[in-house]
Structures are given as C-alpha cells and as structure tokens.
Amino acid sequence: MSHYEEETFRFRGDDFEVNRGYFNEYGRQQHPHSLFIGCSDSRVVPSMITKTIPGELFIIRNIANLVPPYRESSEFLATTSAIEYAVQVLNVKNIIICGHSNCGGCAALWHDHGNTGLMPHTRRWLELASPIKERVTRIMATADPAAREWLTERINIIEQMNHLMTYPYIRERVENNELKIYGWHYMLHSGKIYQYNESAGYFESKDD
Ligand SMILES: [Zn+2]
C-alpha cells in the first residue's frame with residue numbers, strides 16, 4: 001500500500017479505535033442535534049469547524065451551500081430530501097447554513113464561462129444563487145473584487161436562510177421556537193466564524 005493509500009484509509013486503524021465505545025453504543029441509531037448545510041469545498045470540514053463528534057451533525061454538502069426554495073417535485077432531490085429527513089424525522093433543533101471565504105461556487109457567479117459544455121449541471125445548480133448578483137451589485141459602492149467576493153458569500157448565506165423558511169414544516173417549527181436557523185461565514189485562513197445577527201442585519205464574530 002502506498003503512503004497515500006495508508007493516509008487515506010487511516011480511519012479504520014486509528015480513529016475507529018478511539019471511538020469504538022461510542023460506535024458500540026450509538027451504532028444502531030442517531031440523534032443529531034443539528035443539520036449542517038455547507039459547501040462541498042474540500043477545505044470545509046464540518047466536524048472540525050464545529051468541534052463535534054460522530055452522531056452530532058446531520059450533514060448536507062453541495063456546491064456553494066445552496067438550499068433550493070421549497071417545491072413539490074417528482075425529480076430526485078438530494079438536498080430537499082435530506083432537509084426533510086433531518087427536520088421531520090430526526091427532529092434536529094438547529095440548522096446551520098455555513099458559507100466560507102474563497103468560495104469557488106460563489107465566485108463562479110461572476111465568471112463568464114466560455115466552456116459551459118463541461119459542466120451544464122453545475123451551471124444550472126448555480127442559477128439558484130444568481131439573484132444574489134443583483135443584490136451585491138446594488139449594495140457595492142466599489143468594484144473591489146475581494147469585497148465583492150466577501151459580500152457575495154455573505155448575501156448568499158442570508159438568501160439560503162430565507163429559502164429554508166419557504167419549507168412549511170421549517171417555518172412552523174421556527175415560529176413555534178422548536179427550531180433555530182443560523183448563518184455562518186467561515187474563514188478558511190483563520191478558522192474564525194462570523195454569525196449572522198438577523199435583528200442587527202450584520203455578521204459578528206462568534207469569538208467576541
Ligand atoms: Zn464553496
């Protein structure tokens with residue numbers, strides 16, 4: 001086995017042993033307290049960001065941490081069905097929308113892709129976030145690319161929080177104080193998290 005393969009499969013040898021007691025006890029059922037919706041980006045690691053152990057988070061990851069607005073459909077809806085299962089069956093108490101700095105999915109909203117033939121489904125998926133461009137353009141006073149990237153990621157998080165509220169069973173639980181929705185902007189370079197303060201209308205550091 002190459003060094004790379006040894007690293008890839010290390011879990012079975014080391015991490016499983018560390019958690020053996022836990023898996024023996026909880027191996028047959030799960031009671032996660034939170035649904036974590038994050039980007040598929042390889043640098044976004046939900047358990048590391050939240051310092052949680054197996055069993056605590058039900059996790060959805062997709063490009064740019066998007067939530068499609070609620071609709072009934074006969075299509076195969078991965079994100080929508082995972083949300084449904086987490087809320088309706090597992091009764092999670094929190095939903096976290098976790099965007100991140102340097103998000104390629106958010107940046108792609110601004111790129112003119114000449115070669116869209118290679119990723120027709122990705123382009124289509126990102127259309128869910130395209131209204132964000134208009135909002136960013138309206139708010140932006142300058143054309144600074146770094147500021148635009150940062151603002152796009154944050155407005156995207158707020159937009160997806162709003163999309164969650166289009167799910168009737170989520171709205172009902174939020175209004176009854178049975179479920180809370182959080183928006184996080186995770187900084188890849190520092191590990192810091194900025195949480196959206198809905199009443200104040202801005203993101204504030206969770207470390208303060
Ligand atoms: Zn991303």
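The values are calculated or read from the model by the stated rules, or taken from the named source; none is laboratory data. Source: prediction; values computed, not measured. Every residue, glycine as well, gets a Cβ built from its backbone with ideal geometry; the counts of neighbours run over all protein chains shown.
Exactly one condition in (1) modelled with pLDDT under 90; (2) touching a helix residue (DSSP H, G or I) at 6+ places or on another chain (Cβ under 8 Å) is not met by GLU25; state its number.
In the conditions (1) modelled with pLDDT under 90; (2) touching a helix residue (DSSP H, G or I) at 6+ places or on another chain (Cβ under 8 Å), GLU25 misses (2) alone.
For the range 176-208: of the residues being hydroxyl-bearing (Ser, Thr, Tyr) and assigned to a loop (DSSP other than H, G, I, E, B), which is nearest to ASN162 (Cα to Cα)?
First, pick out the residues of the range 176-208 that are hydroxyl-bearing (Ser, Thr, Tyr): 182, 186, 190, 194, 196, 199, 202, 205.
Okay, now just the ones that are also assigned to a loop (DSSP other than H, G, I, E, B), so 190, 199.
Numbers: SER190: 27, SER199: 14 Å.
For the range 176-208, the residue satisfying everything is SER199.
Check ASN94, ASN102, ASN177 and return the single one that is in the same structural domain as SER199 (by TED's automatic domain parsing), at positive phi and touching a residue at least 40 places away in the same chain (Cβ under 8 Å). Give the steps one after another, and end with the answer.
Details: ASN94 fails: at positive phi; ASN177 fails: touching a residue at least 40 places away in the same chain (Cβ under 8 Å).
Just a single option satisfies the conditions, and that option is ASN102.
Whether any residue in the range 24-36 is surrounded by 13 or more Cβ atoms within 10 Å (Cβ to Cβ) and within 16 Å of the ligand (Cβ to nearest atom) is what I want to check. Break it down into steps so the answer makes sense when it comes.
Narrowing the range 24-36 to residues surrounded by 13 or more Cβ atoms within 10 Å (Cβ to Cβ): 26, 32-36.
Right, trim to within 16 Å of the ligand (Cβ to nearest atom) and you get 36.
Within the range 24-36, one or more residues are surrounded by 13 or more Cβ atoms within 10 Å (Cβ to Cβ) and within 16 Å of the ligand (Cβ to nearest atom).
Give me a count of the residues in the range 168-192 that are closer than 11 Å to HIS100 by Cβ and buried (at least 18 other Cβ atoms within 10 Å of the Cβ).
3
Restricting attention to the range 90-104, report how many residues are assigned to a loop (DSSP other than H, G, I, E, B), surrounded by fewer than 18 Cβ atoms within 10 Å (Cβ to Cβ), more than 16 Å from the ligand (Cβ to nearest atom) and not basic (Lys, Arg).
Residues meeting the conditions: 2.
Does GLU84 satisfy the criteria of being in a loop (DSSP other than H, G, I, E, B), out of contact with any Leu (no Cβ under 6 Å at 6 or more places or on another chain) and of a type in the set (D, E, K, R)?
Spelling it out, it is not the case that GLU84 is in a loop (DSSP other than H, G, I, E, B), out of contact with any Leu (no Cβ under 6 Å at 6 or more places or on another chain) and of a type in the set (D, E, K, R).
Which condition number does ALA141 fail, the rest of (1) modelled with pLDDT under 95; (2) surrounded by 12 or more Cβ atoms within 10 Å (Cβ to Cβ); (3) small (Gly, Ala, Ser) being met?
Just one mismatch for ALA141, condition (2).
Kindly evaluate GLU84 against the criterion of being charged (D, E, K, R) and either at pLDDT 95 or above or within 16 Å of the chain's Cα centre (by Cα) (or both).
Working: charged (D, E, K, R): yes; either at pLDDT 95 or above or within 16 Å of the chain's Cα centre (by Cα) (or both): yes.
Considered against the rule, which asks whether it is charged (D, E, K, R) and either at pLDDT 95 or above or within 16 Å of the chain's Cα centre (by Cα) (or both), GLU84 comes out as yes.
With respect to SER205, determine if the residue is in contact with a strand residue (DSSP E or B) (Cβ under 7 Å, 6 or more places away or on another chain), surrounded by fewer than 19 Cβ atoms within 10 Å (Cβ to Cβ) and farther than 26 Å from ARG71 by Cβ. Outline the logic, then answer.
Numbers: in contact with a strand residue (DSSP E or B) (Cβ under 7 Å, 6 or more places away or on another chain): yes; surrounded by fewer than 19 Cβ atoms within 10 Å (Cβ to Cβ): yes; farther than 26 Å from ARG71 by Cβ: yes.
Against the criterion (in contact with a strand residue (DSSP E or B) (Cβ under 7 Å, 6 or more places away or on another chain), surrounded by fewer than 19 Cβ atoms within 10 Å (Cβ to Cβ) and farther than 26 Å from ARG71 by Cβ), SER205 qualifies.
Would you mind telling me which numbered condition in (1) surrounded by fewer than 17 Cβ atoms within 10 Å (Cβ to Cβ); (2) more than 24 Å from ARG43 (Cα to Cα) VAL87 fails?
VAL87 satisfies every listed condition except (1).
Run TRP125 past the list (1) surrounded by fewer than 13 Cβ atoms within 10 Å (Cβ to Cβ); (2) within 15 Å of the ligand (Cβ to nearest atom); (3) not polar (S, T, N, Q) and report the number of the one that doesn't hold.
Result: TRP125 fails condition (1) only.
Counting only residues that are charged (D, E, K, R) and within 15 Å of the ligand (Cβ to nearest atom), which one in the range 37-66 is surrounded by the most Cβ atoms within 10 Å (Cβ to Cβ)? Before the answer, list the steps.
If we filter the range 37-66 for residues that are charged (D, E, K, R), which is where we start, we get 41, 43, 51, 56, 61.
Within this subset, residues satisfying the condition of being within 15 Å of the ligand (Cβ to nearest atom) are 41, 43, 61.
Details: ASP41: 19, ARG43: 13, ARG61: 16.
The extreme case among them is ASP41.
If PRO69 passes every condition in (1) of a type outside the set (Phe, Trp, Tyr); (2) within 16 Å of the ligand (Cβ to nearest atom); (3) in contact (Cβ under 8 Å) with a residue 40 or more places away in the chain but one, which one does it miss?
Only one criterion is unmet by PRO69, namely (2).
So how many residues does the range 143-199 have that are touching a strand residue (DSSP E or B) at 6+ places or on another chain (Cβ under 9 Å) and hydroxyl-bearing (Ser, Thr, Tyr)?
4
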